[in-house]
Structures are given as structure tokens and as C-alpha cells.
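Visitor: Below is one structure. I have some questions about it.
The values are calculated or read from the model by the stated rules, or taken from the named source; none is laboratory data. Every value quoted in this text rests on a predicted model; they were computed, and no experiment measured them. Glycine also receives a Cβ, built like all others from the backbone with ideal geometry; neighbour counts cover every protein chain displayed. Remember, those area values only see protein heavy atoms, side chains included, never the ligands or the DNA or RNA. Shrake-Rupley method; radii C 1.70, N 1.55, O 1.52, S 1.80 Å.
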Amino acid sequence: MSETRILTLVGSLRAGSINRRLAEAAAQTAPEDVAIAIYEGLAEVPFYNEDLDVPGSVPATAQALRDAVAAADAVLLVTPEYNGTLPAVLKNAIDWASRPYGAGSIKDKPVAVVSASISARAAEWAHGDAVKSVGVAGGVVVESATVRFGTIGERFAQVHPSEDAEALTQLGAAVHELVAAANGTLVNA
């Protein structure tokens, strides 16, 4: 069996982001035959604009994102909550991956959403908006691969998520479900 490739898109661009650390911890839970890559370069992708989305002249950074999504078997979104919704950089990535309409690189691709915030609500609104946006874009949200972390400022202030047994267990279960969806073996999708 070939290696399953999961592309991770992190909605926080901050170097010390706990969301980034959660993505790193998720990558550590991957089985041997699964490669999880965290996409670098979301900050360089221009805001989606149909005037830029012209065949043959799509900005290189946007095309690179589309190519990375297309090459992946599944996508893992890790989103913080900014002002009650998902960050613009993550929404922009979904927008670029959704085009061309009906044939974007995210179409029919299994997608898991991990959300985290400093509030006890665990980025509930950002999570919901990410799920909605992915669904409208044509991706297939794997609900059983959902993980939400609250009060991350306290929980992960002194400990990397990879050192938190409960977080690793939750992330590992999400990765397992996402891999099963990508390989067509998910029960009760």
C-alpha cells in the first residue's frame, strides 16, 4: 500500500503559535505509512481575486498551494479563533483551493478540522465556519476527526502539546479517522 499524504494548513502565522504546535503534535502521531506535512507559505498567498485567477497566470504562491492540496490524500486544518471566526489566511487558502469552481483541488478531499483558542469555548465559531467553508468549497469534512481545544493559553503555557498525553491521544484519533477517510475505510462517515 502506498503512503497516505496529509497536508496541514495552520491558520496562525505566529512563530510560537500553539496552533502550530498542535499541528506538529498531530504529525508526530502519524503511523509509519502516513506523511503529514505542514504547509509553509500561506502568508505569501495573495487574497483570492478572480482577476488574478486566470489560467496560465495564477500567482505562483497560489498555484503552489493548489498543487500541494491536489497532491495530498487529505487535508488537516488547524484553526485558532480570531474575533469569533477563522483567520483570513485559512479562509483564503480554502478559497484558492476551491477554484476553479467545481474542480478545485479540495473537491471531494477528506478534511479534518482541529480548532483551539484561549477561551473555554475551544474556537467553536471558528471551527463551525471552517467546516461550513470547506463544505461549500467541495471538501468532505470528516466529523469523526474533529478536535477542539479550549483554554490553550493555560493548558499549553508550559507544555508542548506533544507532551500532553490526552492531546496526543485526541490528535492521534483524528489523524487515524482522517487516514481512514482518505483510504476509503472509514466506518460511519
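Visitor: Identify which of N19, N92, N83 has the largest mean-square fluctuation in a Gaussian network model of the chain, with springs joining Cα atoms closer than 10 Å.
Guide: Among N19, N92, N83, the largest mean-square fluctuation in the Gaussian network model of the chain belongs to N83.
Visitor: Any chance you could run the full-extension gain for T146 through T169? It's 0.36 nm times the residue separation minus the Cα-Cα distance, nm to one decimal.
Guide: Numbers: separation 23, 0.36 × 23 = 8.28 nm, distance 1.26 nm.
Result for the pair: 7.0 nm of gain on full extension.
Visitor: Here's something else I'd like to know. Could you work out which residue, out of S119, S105, S57, moves most in a Gaussian network model of the chain, that is, has the largest mean-square fluctuation with Cα springs under 10 Å?
Guide: Comparing S119, S105, S57 in the GNM, the peak value goes to S57.
Visitor: Also, I was wondering about something else. With the dipole of the chain worked out from charges on the C-beta (+1 for Lys and Arg, -1 for Asp and Glu) around the Cα centre, which of I152, T8, V179 lies farthest toward the positive end?
Guide: Comparing the listed Cα positions along the dipole, I152 ranks first.
Visitor: Just in segment 25-104: which chymotrypsin sites (Phe, Trp or Tyr not before Pro) are loop by DSSP and have at most 11 other Cβ atoms within 10 Å?
Guide: Details: sites: Y39, F47, Y48, Y82, W96, Y101; in loops: Y39, F47, Y48, Y101.
Here the sparse-neighbourhood loop sites are Y101.
Visitor: Dipole of the chain (Lys/Arg Cβ +1, Asp/Glu Cβ -1, origin at the Cα centre): which of Y39, A74, A88 lies farthest to the positive side?
Guide: Of Y39, A74, A88, it is A88.
Visitor: Using the basic label-point model (7 angstrom from Cα toward the beta carbon), what is the A15 to E50 distance in nanometres?
Guide: According to this spin-label approximation, the distance is 4.1 nm.
Visitor: For Y101 and E124 in one chain, what is 0.36 nm times their gap in residues minus the Cα-Cα distance, to one decimal in nm?
Guide: 5.5 nm
Visitor: While we're on this one: What is the local net charge at E50, summed over the other residues whose Cβ is closer than 11 Å to its Cβ (Lys, Arg +1; Asp, Glu -1)?
Guide: Numbers: positive: R99; negative: D51, D53, D95.
Cβ neighbours under 11 Å give a net charge of -2.
Visitor: Enumerate the residues in segment 111-125 having an amide nitrogen under 17 Å from the point lying 7 Å beyond the Cα of H160 toward its Cβ.
Guide: From segment 111-125, the list is empty.
Visitor: I need the calculated FRET efficiency for the pair E40 and E3, taking r as the beta carbon distance and R₀ as 30 Å, to the nearest 0.05. Display every interim value, and only then the final one.
Guide: On the way: r = 20 Å, r/R0 = 0.67.
Rounded to the nearest 0.05, the efficiency is 0.90.
Visitor: As a test, work out the antiparallel percent of DSSP beta bridges whose residues both lie in segment 42-149, rounded to the nearest 5.
Guide: Numbers: 1 of 11 bridges.
Percentage antiparallel, nearest 5: 10.
Visitor: Given DSSP loops and a limit of at most 12 other Cβ atoms within 10 Å, what is the longest stretch of the chain that contains no such GluC sites (Glu not before Pro)?
Guide: Details: sites that count: E3, E32, E40, E50.
That gives 51-189 as the longest site-free run.
Visitor: A further question on this structure: Please work out how much length the chain gains when fully extended from A88 to T185, using 0.36 nm per residue of separation minus the C-alpha to C-alpha distance, in nm with one decimal. List each step's numbers first, then the result.
Guide: Numbers: separation 97, 0.36 × 97 = 34.92 nm, distance 3.29 nm.
Between A88 and T185, full extension yields an extra 31.6 nm.
Visitor: To continue, here is another question. Specify the residue with the greatest mean-square fluctuation among A157, A167, A25, computed from a Gaussian network of the chain linking alpha-carbon atoms under 10 Å apart.
Guide: A157
Visitor: Could you provide, to the nearest whole Å², the per residue accessible area of the chain with probe 1.4 Å?
Guide: Working: 9020 Å² over 189 residues.
Dividing the accessible area of the chain by its residue count gives 48 Å².
Visitor: Moving on to the next point. Within segment 70-158, what whole-number % of the accessible surface is contributed by carbon and sulfur, with the 1.4 Å probe and all protein chains included in the calculation? Don't skip to the end; give the middle numbers.
Guide: Details: 1990 of 3690 Å².
Reported share for carbon and sulfur atoms: 54 percent.
Visitor: Calculate, for A71 and K132, the FRET efficiency according to 1/(1 + (r/R0)^6) with r their C-beta to C-beta distance and R0 25 Å; round to the nearest 0.05. Kindly include the intermediate steps, with their values, before the conclusion.
Guide: Numbers: r = 25 Å, r/R0 = 1.00.
The calculated FRET efficiency here is 0.50.
Visitor: Obtain the radius of gyration and the Kirkwood radius of segment 1-93 from its C-alpha atoms and give Rg over Rh. Each step should come with its number before you reach the end.
Guide: Details: Rg = 14.2 Å, Rh = 14.2 Å.
Ratio of gyration radius to Kirkwood radius for segment 1-93: 1.00.
Visitor: Note down the magnitude of the dipole of the chain about its Cα centre, charges +1 on Lys and Arg C-beta and -1 on Asp and Glu C-beta and zero elsewhere, to the nearest 20 debye.
Guide: Numbers: 13 positive and 22 negative charges, 58 e Å.
Charge dipole of the chain: 280 debye, to the nearest 20.
Visitor: While we're looking at this one, here's another question. Evaluate the relative contact order of the chain (contact order divided by residue number), counting alpha-carbon pairs under 8 angstrom at least 6 apart; express in whole percent.
Guide: Values: 360 pairs, mean separation 45.2, N = 189.
Relative contact order comes out at 24 percent.
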